[in-house]
Amino acid sequence: MAKTQLPTQPGAVKTGGARRKPTTRLGKAQETSFSAVDWVDERTSLSGGMRWLMFRKIPKGTNWFYTLGSATLFAFMSQAVTGVFLAMYYDPSAINAYESTRFLTNEVFLGEFVRGMHRWGSSVMVILIFLHMARVFFFGAYKYPRELNWCIGVILLVLTMAMSFTGYLLPFDQRSYWATIVGVNINGTAPLMGPFLSDFLRGGAEFGATTLSRFYAIHMLLIPGLLGALIGAHLYMVARLGTTAPPWMKAEVSPELREERV
Ligand code: HEM
């Protein structure tokens, strides 16, 4: 019996059976990208890992609150991208920092827009991380076996706050200068570690040029590196352990099953 022919888009690449040569530009582009992906996958087997990470079973009752983690991740990535563009113009020296920020804002094409995205994006990321944490807390998703992921999350929260603190000084205007002095002094009042921490942040006993370059290095190298690595660990744990069902779904477990679990 003759096989039914499925309608295909003109020029589309046939994925099963004998391959027909694509005729249109789109078809040719598709085939090139398929073969490039195949070429990489044949050598790395990365597709298996991607499938494991992306195609997971999710519990019944999952809702919009579960998107807050991904929204935080998106905010982080947006900060990373806009930060790279800002770093192309910013000069972390005490003499030029303010002027380079002013130039970036007023003279550079789309400078004000990118700076605004980075500035407002930092607040958005802080708000989202707290909302995500609240979702995890109120849904009881911090309990066994996800305690370690909660702890990683707490470190992510501290690092995100440190990111905001170190970034605030960089424009080096009056407000950022004095606010950071206050912040460093507050750090100094912490028990035991406080004085060491404020000395470390200042880069000595005095607040000055070293402080600015130190804050810049911490803001654009140290913390983003740690955040990237820890977000990787966080997502690995999410993929490995799966997401927790909402608490009201657990309540719907039948009495027999509940007895079995006990
Ligand atoms: C940079 C910051 C963060 C990013 C990018 C991030 C990302 C994510 C993503 C994408 C998920 C899976 C989807 C979801 O449940 O929303 C998740 C789950 C989770 N996150 Fe975060 N997260 C961050 C911060 C935090 C913080 C601050 C905590 C708590 C202190 C936390 C604790 C958890 C836990 C326990 C889960 C598992 C939830 C479950 O099993 O239902 N995360 N995170």
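The values are calculated or read from the model by the stated rules, or taken from the named source; none is laboratory data. The shown structure was predicted, so the numbers you read here are calculated from the model rather than taken from an experiment. Positions of Cβ are backbone-derived with ideal geometry, glycine not excepted, and every protein chain shown enters the neighbour counts.
Points worth noting:
- Helices (runs of 4 or more DSSP H) fully within segment 38-122 counting 2 or more residues that are more than 30 Å from Tyr177 (Cα to Cα) and touching a helix residue (DSSP H, G or I) at 6+ places or on another chain (Cβ under 9 Å): 46-54, 68-87
- Within segment 108-122, the set of residues being closer than 18 Å to Ala71 by Cα and either in contact with a Leu (Cβ under 6 Å, 6 or more places away or on another chain) or touching a residue at least 12 places away in the same chain (Cβ under 8 Å) (or both) comprises Met117, His118, Gly121, Ser122.
- Annotation note: Cβ proximity below 7 Å between a residue of segment 236-254 that is under 15 Å from Trp52 (Cβ atoms) and a residue that is loosely packed, with under 12 Cβ neighbours inside 10 Å and modelled with pLDDT of 95 or more (sequence gap 6+ or interchain) occurs for Leu241/Pro145.
- Flag for Tyr142 being more than 8 Å from the ligand (Cβ to nearest atom), surrounded by fewer than 19 Cβ atoms within 10 Å (Cβ to Cβ), more than 18 Å from the chain's Cα centre (by Cα) and not in a helix (DSSP H, G or I): no
- If only residues of segment 145-198 that are polar (S, T, N, Q) and surrounded by fewer than 16 Cβ atoms within 10 Å (Cβ to Cβ) are counted, the one that is farthest from the ligand (Cβ to nearest atom) is Gln174.
- Filtered residues of segment 38-69 (kept if within 12 Å of the ligand (Cβ to nearest atom), on the phi < 0 side of the Ramachandran plot and touching a residue at least 12 places away in the same chain (Cβ under 8 Å)): Leu53, Arg56, Ile58, Pro59, Thr62, Asn63, Phe65, Tyr66, Leu68, Gly69
- Failed item, numbered, when Tyr89 is tested on (1) in contact with a Phe, Trp or Tyr (Cβ under 8 Å, 6 or more places away or on another chain); (2) within 10 Å of the ligand (Cβ to nearest atom); (3) farther than 17 Å from Pro224 by Cα; (4) not charged (D, E, K, R): (2)
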